[in-house]
Amino acid sequence: MANEVCFQHIHLENAWTLKVYESTGGYSVWRKILEEKTPPAEIIEQIKASGLRGRGGAGFPTGVKWGFMLNAPSELQKYIVCNSDEGEPGTFKDRDILRYNPHAVVEGMAIGAYAIGATAGYNYIRGEFWEPIQRFEEAIREAYDADLLGKNILGTGVNFDLYTHYGAGAYICGEESALLESIEGKKGQPRFKPPFPAQVGLYGKPTIINNTETLASIPTILSKGADWFVNLGVPNSGGAKLFSVSGHINKPGNYEIPMGTSFKELLEIAGGIREGHQLKAVIPGGSSTPVLKGDTMMEINMDYDSIAKAGSMLGAGSVIVMDDSTCMVKALARISHFYFEESCGQCTPCREGTGWLARILHRIFHGQGRKDDLDLLENVANGIMGQTICALGDAAAMPVLSFIKEFRDEFEYFIEHGKSKVTGEAAL
Amino acid sequence: MLAEKQQANTLLSPEDCAEIDRWIGKYPPEQKLSATMPALRIVQDNHGGWLTTELMDAIADYLDVPAMAVYEVATFYSMYELKPVGKHKVCVCTNISCMLRGSDDVVTHFKNKLGISLGETTSDNKFTLKEVECLGACGGAPMMQVGKDYHENLTPEKIDEILAALD
Ligand SMILES: Cc1cc2nc3c(=O)[nH]c(=O)nc-3n(C[C@H](O)[C@H](O)[C@H](O)COP(=O)(O)O)c2cc1C
Ligand code: FES
């Protein structure tokens, strides 16, 4: 069982066109809602019952989030925003959804907008994604031409205008409040919460932000039913989800599989490890989530609770596979460099701490590590954890703490010998 | 003051302005600041791939927002170039998934082939080599972006072909 939700029809030729999308039942949910004037609360109840949790990383129940909007003053403008900023290293699913199934995102956003009372929406797409942007904008044009978007849609009196906004190269804009700042034309610096976007969001108005995959799942969930979806998965992890598998794997790619599938099976689907090599480690949910040993991974399933129990997070479902040729010092040094580059600079613990982490790891990797560097790394990482406005701080700290915990010997070896325990090399 | 403002405005072509206007229309009327990012991108694309202070001032004038607001945005996001770049901007991803699949070799190949390191431009101004963070295409690692196009599953041969096809 694979490809049953967002990827259901992507094997079809020109799957991204309105014609093909409609030929597979696309927009029938939206049309039905418009025709029957389904009460928004009913839609929200169904999404709650489906067990759908946000696919952007935090896993917040989507129906519950939408439900917050039922209390918003009716006279206020409201917005729905799709998060297609996709910047967490190891994540590449939203790009394929936009390229191959953009109408599911359009329909999901339209339904979401109706359910929360929004008449305008933006899809924030990272600026580098030129091809996905073209596909999505073409989908918007087609939907307008078919009277499925705009004013007085299909003569029902329902309005929904949908626009794109492009990012310009900043990982932090994937954080929802930084994303809103960015649409407002500012630096992408996260806001204090509360108030949450559902209270004070885009242009100060109540706003719901969801990940691309979350929104693209909505039409299928409503057409096949909440029960169908929830039963695809396991308790607390409803449905199927896209897993982006990258690194030392024979067939890297996106695999949409039921939640709760064993990692072992996912590894097999993705072609397994290169011949002559052993699985060493896996980062299960994107570069910010704690690394786990390969042996641990082989015992667990791909759902929120199993991965949490093993000490990591499902995150965005971005599975980075490392075989026995990987030097963990080099891998962590690269990851830490990323968070240092991408810290927005607003909170001191993150701005300064990510710099410390990156510099210490740089010197270890360049053969100049000091005896107490591991303690120092842990100290700095713990000083960032939980001390920042947004979760980028935690995202920078967790890899450091977990790499040292799981592979301490490699770090100690590098510090003592000035070279990698795995490759025997040091950086120049 | 007024003369200066008019002069700044002439830096933007009618095409720039028409395109920026289209973006202004996407946001509520009182939210012109929202068009800053699209305006910077449009002007950068249409004016040789990088933004001078004069161009940024012209954008600020056109949108009627403080110049500082435009500088803030231009310096925050990595896709805006504030120094001259070559005709082709080659962005190589060296983040974790690309690193695991040989982005070091990609960088080395560029060094050997073009004689430049990351962050440099060839003396004929044809290529600028830029190191970038994960571009969301890790399934095709190692990968790079040249101009607007993604190139995945890179090998030295493939890179040579891509470069040869650029004028
Ligand atoms: C530093 C940082 C980066 C993030 N990047 C993304 C991203 O690229 N895409 C995304 O959907 N969510 C991202 N998130 C999570 C969003 O803040 C937010 O939780 C999500 O878009 C909500 O949608 P969902 O409930 O459908 O998952 C990021 C969070 C943080 C702290
Ligand atoms: S790590 Fe290179 S594209 Fe993601």
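Overview of results
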| item | result |
| --- | --- |
| Approximate spin-label separation A:ARG31-A:GLU425, in nm, with each point projected 7 Å along Cα-to-Cβ | 5.8 nm |
| Relative contact order %, the range B:108-167, counting alpha carbon pairs below 8 Å whose residues are six or more apart | 17 percent |
| Dipole magnitude (debye, nearest 20) for the protein assembly as shown, charges at Cβ of Lys, Arg, Asp, Glu | 640 debye |
| In degrees, nearest ten, helix A:328-342 long axis to first principal axis of chain A (Cα) | 50 degrees |
| Other-chain or far-sequence residues with amide H under 5 Å of A:TYR163's (modelled H) | A:GLY121, A:TYR122, A:ASN123 |
| Cα-based helix-to-principal-axis angle, A:130-145 vs chain A, degrees rounded to 10 | 10 degrees |
| 12 Å beta-carbon shell around A:ARG53, net charge (K/R +1, D/E -1) | +1 |
| Contact surface A-B: accessible area buried, both sides summed, square angstrom, 1.4 angstrom probe | 3800 Å² |
| Choice from A:SER223, A:SER50, A:SER84 with maximal GNM fluctuation in chain A (Cα, 10 Å cutoff) | A:SER223 |
| Segment A:TYR144-A:GLU22, extension gain: residue separation times 0.36 nm, minus the distance between their alpha carbons | 42.5 nm |
| Inter-chain Cβ neighbour average for residues A:333-340, partner chain, 10 Å | 3 |
| Reference-scaled alpha-carbon Rg (2.2 N^0.38 Å with N residues) for chain A | 1.00 |
| In degrees, nearest ten, helix A:348-365 long axis to first principal axis of chain A (Cα) | 50 degrees |
| Amide proton proximity set for B:ASN95, modelled H, under 5 Å, gap of 5+ | B:CYS134 |
| B:LYS26 long-range amide H proximity, modeled H, under 5 Å | none |
| Ranking by accessible area, most exposed first, for B:THR10, A:THR17, A:THR164, B:THR155 with a 1.4 Å probe | B:THR10, B:THR155, A:THR17, A:THR164 |
| Cross-link reach list, aspartates and glutamates versus B:LYS32, counting only Cα pairs under 13 Å and skipping chain neighbours closer than eight places | A:GLU184, B:ASP21, B:ASP61, B:ASP64 |
| Relative contact order (percent, whole number), the range B:2-76, Cα cutoff 8 Å, 6+ residue spacing | 36 percent |
| Selected from A:GLN278, B:LEU82, B:SER13, residue furthest toward positive end of dipole (the protein assembly as shown; charges at beta carbon) | A:GLN278 |
| Cβ-based charge dipole, the range A:362-423, positive-most Cα from A:TYR413, A:ASN379, A:PRO399 | A:TYR413 |
| Neighbouring partner chain Cβ atoms per residue of B:123-135, average, 10 Å criterion | 3 |
| DSSP-assigned coil residues among GluC sites (Glu not before Pro) in the range A:242-283, each with at most 13 further Cβ atoms within 10 Å | A:GLU275 |
| Percentage relative contact order, chain B, counting C-alpha pairs under 8 Å, at least six apart | 18 percent |
| Eligible lysines near B:LYS130 by straight Cα distance, threshold 25 Å, same-chain separation 8 or greater | A:LYS93, A:LYS186, A:LYS187, A:LYS330, B:LYS83, B:LYS87, B:LYS89, B:LYS111, B:LYS113, B:LYS148, B:LYS158 |
| Spacing of the two label points (7 Å from each Cα toward its C-beta) at A:GLU352 and A:THR156, in nm | 5.5 nm |
| Max mean-square fluctuation residue, GNM over chain A, Cα-Cα springs under 10 Å, options A:SER237, A:SER325, A:SER246 | A:SER325 |
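The values are calculated or read from the model by the stated rules, or taken from the named source; none is laboratory data. Just so we're clear, the structure is a prediction, and the values are computed from it rather than from any experiment. Ideal geometry is used to build each Cβ from the backbone, glycine not excepted, and the neighbour counts take in all protein chains shown. Each accessible area value is taken on the protein alone, full model and side chains, heavy atoms only, with ligands, DNA and RNA left out. Shrake-Rupley method; radii C 1.70, N 1.55, O 1.52, S 1.80 Å.
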